[in-house]
Number of protein chains: 2
Amino acid sequence: MLKLKSPADFIGKQGTGVISFGSGQPDLPPPREAFSGIDITRDLRYGLIQGELPLRQALSKEYPRSTPDNFVITNGASEALDLVFRAWGKGKILLPRPYYYSYLPLIQMAGMTPVFTDLVDGRIDIADFKRKVRGCRAVLINSPSNPTGRVESIETLKEIERITQQKGIHVVSDEVYKDLIYERENYPIQGDHVITINSFSKTYCMCGVRVGYLWTSDKKVVEDVCEMKTHTSMNTNLVGQDMALSTMRAPASYIEDQRKIWRERRDFIYKGLLDLGFDLWKPEGAFYVLPKCRNPRKFLTLLYEEYKVITYLGEWFGAPDRIRLSYALDVNKIEEGLGRIRQAMRRVRAV
Amino acid sequence: MLKLKSPADFIGKQGTGVISFGSGQPDLPPPREAFSGIDITRDLRYGLIQGELPLRQALSKEYPRSTPDNFVITNGASEALDLVFRAWGKGKILLPRPYYYSYLPLIQMAGMTPVFTDLVDGRIDIADFKRKVRGCRAVLINSPSNPTGRVESIETLKEIERITQQKGIHVVSDEVYKDLIYERENYPIQGDHVITINSFSKTYCMCGVRVGYLWTSDKKVVEDVCEMKTHTSMNTNLVGQDMALSTMRAPASYIEDQRKIWRERRDFIYKGLLDLGFDLWKPEGAFYVLPKCRNPRKFLTLLYEEYKVITYLGEWFGAPDRIRLSYALDVNKIEEGLGRIRQAMRRVRAV
């Protein structure tokens, strides 16, 4: 019996014949560069808490006006978020709803208070944002967004940049899907008040390696995060950092090829769900759709138990009237999954 | 100028000619098994939050009456401690003083309150322990101890086991130095109320790989820790877990050979410091000495600035009248270091 408390309910449940629209990770392999020149017999004593210098040097070339001091390498983007929130430890943080499901526990465990601005048509409503941001210590932006797949307009991002800078409010910009935007280049939010969270997991298909990082020009954030990490996990695993550095040698065509694959899948599932009658936002980045769904618990349970199709409850992402599907799987499987969803829709009213 | 706030002051300061009695990590290489059969091109998608099953299976053979369900693999022992304390989030925790320097920040960041029992002659005073343990939610034991090098008697450990079980108090037993005891085998504290913290870092000389774990038969602790880890760092890095599993194939002679080396170094530094007139406990495990020292800040600063010798302030470990030396370095270097200490003692009164 599914408890339907969180995505963890589905971990280890991907048996034979299961079509999983659940877990949000690429099914494609990392670029071959990830493995080339890696020497696992390297010096395996403690590394720098802040992260290996060659990796931070390479990253600093990707961020304007940066030095290696602006980065902290972490156990995935998750740890970067966790440490930043814990370093603050209190105060209000504004975030768009629907949100990535780990945001709420991370914010609350750190002792911070979430304040929500509800998305309108899957996008930030800047008027509501302005009202809600008063009195906040920070805002948390995630564009492209998990779970909405939406990408905020550059205009909105610049407006957020401006408002928060004016008010002295930190922006935490989770850009882990920055390389998976279908329509334009990423626009990284800029400024001394910005903390960008990033990762090698999604761009380079290496989620299990657990290498992410934060970028900021706020020295105090870097110091506080490193001080905490000294106690909570020490250096990020060294072989993983070497692999991350090595992926950066992959040609630009690797990312372009990925994007083509994701765009094809996006087009396929978006049209498929529209054809089935679902009301959903068109994804512009990442690899998620968040269609409206009547009876989401009943439908999700039926889908899993009778049709071996895994989907996630929108409720886990702050969207109780929706379900989330990751399309990180082959088009053939997406087609098969959509077929099963069509069958299930005959038994439970979903749209 | 040294700030002398924490061991972090010395990170990156190991230049030419420096003798470091600072960092607590083996200078020896991992066993060759750590590298054999490792395939970095393996599936690098997310792994189980709890840890890879083959590693937990192998570990369960080392712990009596265990199954893989009793383990959570973490980013070093540090993360295991952090997650356990955060899962509790409040209450008092009793720990011996002097203590490992990360304990206090971890306890406090988690929202718990430390209660201290002061060591007598470097050992737990069971009468004081009994008085202080009342009203505590947990106790934190570290035998062999960093920074004292002392190993608690089996009698004391059994007494702690009994008292805490009777009172329904959890024991967190940090046994990361379990394989580096010079006098006897490790005695792992037993019981349903016990959470053992362990690591591959010290036994197998692979601190930078960051693979540790917790063992407990308390299902709620396992569930709570996994739930938190889902948000804070996801799975522990997969290649590191493969390396950890692989080290377990190293012959018993590897650990015995290590122990011989450490014992020789222990004997050398212990005698050397006694000859210099220091008052110190004889280490029985791990690789630390914690001699008494007059004017510790002045002496430590002189040692570093004039003699290029790194030592740590006892103050960071709750022992303001002492300094800590790690003897994780070659006997020749220990000898050279002791010679420099002798010279410095002519300028600042240390004993």
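The values are calculated or read from the model by the stated rules, or taken from the named source; none is laboratory data. Here the structure is a predicted model, which means the values were calculated and not measured. Cβ: placed from backbone, ideal geometry, glycine included. Neighbour counts: every protein chain shown.
Brief remarks on what is shown
- Residue among A:ILE19, A:ILE38 that alone is modelled with pLDDT of 95 or more, closer than 30 Å to A:PRO291 by Cα and aliphatic (A, V, I, L, M): A:ILE19
- Selection count where residues are touching a residue at least 24 places away in the same chain (Cβ under 8 Å), of a type in the set (D, E, K, R) and surrounded by fewer than 16 Cβ atoms within 10 Å (Cβ to Cβ), scope segment A:159-183: 2
- Within segment A:234-255, the residues that satisfy the criterion of being assigned to a loop (DSSP other than H, G, I, E, B), of a type outside the set (Val, Ile, Thr) and either more than 7 Å from chain B (Cβ to nearest Cβ) or touching a strand residue (DSSP E or B) at 6+ places or on another chain (Cβ under 6 Å) (or both) are A:MET248, A:ARG249, A:ALA250, A:PRO251.
- Extreme residue, farthest from B:PRO251 (Cα to Cα), among residues of segment B:30-45 that are facing chain A (nearest Cβ under 8 Å) and part of a loop (DSSP other than H, G, I, E, B): B:ARG45
- Test result for A:GLY15, among the small types (Gly, Ala, Ser) and either within 24 Å of A:TYR99 (Cα to Cα) or more than 9 Å from chain B (Cβ to nearest Cβ) (or both): yes
- Residue count for segment A:232-259 under the criterion of being surrounded by fewer than 21 Cβ atoms within 10 Å (Cβ to Cβ) and either among the aliphatic types (A, V, I, L, M) or in contact with a helix residue (DSSP H, G or I) (Cβ under 6 Å, 6 or more places away or on another chain) (or both): the result is 5.
- Residue match in segment A:271-292 (condition: among the small types (Gly, Ala, Ser) and assigned to a helix (DSSP H, G or I)): yes
- Selection from segment B:18-29 of residues that are in contact with a Lys or Arg (Cβ under 6 Å, 6 or more places away or on another chain), more than 11 Å from chain A (Cβ to nearest Cβ) and crowded, with 17+ Cβ neighbours inside 10 Å: B:ILE19
- Helices (runs of 4 or more DSSP H) wholly inside segment B:51-141 containing at least 2 residues that are within 12 Å of chain A (Cβ to nearest Cβ) and out of contact with any strand residue (DSSP E or B) (no Cβ under 6 Å at 6 or more places or on another chain): B:76-88, B:103-109
- Qualifying position, being under 26 Å from B:THR236 (Cα atoms) and touching a helix residue (DSSP H, G or I) at 6+ places or on another chain (Cβ under 8 Å), among B:SER173, B:SER201: B:SER201
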